[in-house]
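Read through the structure below, which is laid out as structure tokens, and then see the notes.
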Amino acid sequence: MVDHDQAASDHAGGYWDDQARTSPEQFNFPLWRRYCDLLHSRWLRSWLKSRTFTKVLKTDLFEEALGDGLADVLATLTLPGGECHGVDVSSVLAAQALKRHPSLRVHCGDVRCLPLAAEQFDLVVSDSTLDHFAHPAELQKALSELHRVMAPGGLLALTLDNPQHPLVALRNHFGGPWMGRSAVMPYFVGHTLGLRQLSGELRALGFELLCDDHLMHAPRLLALHLSRLWPAEGPAAHWFLRSLLACEGLARLPTARFSGHFVAILARKPKAPASSP
Ligand SMILES: C[S@@+](CC[C@H](N)C(=O)[O-])C[C@H]1O[C@@H](n2cnc3c(N)ncnc32)[C@H](O)[C@@H]1O
């Protein structure tokens, strides 16, 4: 059963419900989804290694509603007997995710005002959820909500659209007229932060920063269009996915901040200092 919250019935929930109901064909290219899932799974495994967690939260259930998403990798990161939660503002996407992944504990709620108790999650994964707000203050509020629900010592793995990527920069600059009308931008995208600004926001909230990087170096537009035409299964699909993933080698070049579609950060909420006797 999807756990509903009042906040989910506001404008944001309605917008994303409409998107999920009326234009699923704009979102759902199986090969593209597999690429995104593989890329994000590899990202999490490379940073979290063999660490395991007792209570995991993923913000937005978009990928899990449309396909495998990160459900498998999150399950392997969760200790036996642990809990894996997901939250999305869209009740439609939350219900679809639950249908595909019945072991997920699914909440319908807004990441700017999470319907979740404080200090409980030792891992929060937020992949490009917080870059859909119109105002910088909303992104700040969402970051502080993630901090609130995290247990002391917990980890936050977060990505946002990279404002230095030329496509993101162009899209955000000319955003209005394109919004929701092209495969480049089938839905609302909003304010985002570069690595330096994001690091500053996280430090201001009290996080310690552990790693940062740029992610998704494949030429996104070309890959997105090709993935609609390419065979979704078999050796050709396998070759296509391997080629896209090989582009992550560009992360080692000085140009990484322009080629990576996302900025990615791993941060820790410090343990509370031991109280003096
Ligand atoms: C278009 S998807 C993109 C994110 C996806 N993780 C990805 O990387 O492709 C945006 C997702 O964020 C969810 N979302 C948007 N605003 C939200 C909010 N305020 N709180 C929680 N989820 C939100 C939407 O319902 C949708 O599932």
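Laboratory data are not the source of any read-out in this text; all were calculated from the coordinates shown. Here the structure is a predicted model, which is why all the values come from computation and not from measurement. Using ideal geometry, Cβ is built from the backbone for each residue, glycine included, and neighbour counts are taken over all protein chains shown.
Only helical DSSP H runs with n ≥ 4 go in: add -39500 (n - 2.57) per run for the chain, normalise by residue count and round the 222 nm mean residue ellipticity to 500 deg cm²/dmol.
On the way: 13 runs with 121 residues, N = 277.
Value at 222 nm, helices only: -12500 deg cm²/dmol.
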I'd like the orientation of helix 91-100 relative to the chain: the angle between its Cα long axis and the longest Cα principal axis, in ° from 0 to 90, rounded to 10.
80
Potential extension, D68-E208 segment - 0.36 nm per residue separation minus Cα distance
47.3 nm
DSSP beta bridges in the chain [antiparallel fraction, %, rounded to 5]
40
Give the angle, between 0 and 90 degrees and rounded to the nearest 10, that separates the Cα long axis of helix 136-149 from the longest principal axis of the Cα atoms of the chain.
50
Considering Cα pairs under 8 angstrom that are at least six residues apart, work out the relative contact order of the range 3-268 and quote it in whole percent.
20
Stretchable slack from N28 to E83, in nm (0.36 nm times residue separation minus alpha-carbon distance)
17.0 nm
The range 3-268: radius of gyration and largest Cα-Cα distance (Dmax), Å:
17.4, 48
When you count, for each residue, the other Cβ atoms within 10 Å and take the mean per peptide, how do 248-255, 107-114 rank with the highest first?
107-114, 248-255
Measure nothing but the geometry: give the 0 to 90° angle between the long axis through the Cα atoms of 30-48 and the longest principal axis through the Cα atoms of the chain, rounded to 10°.
40
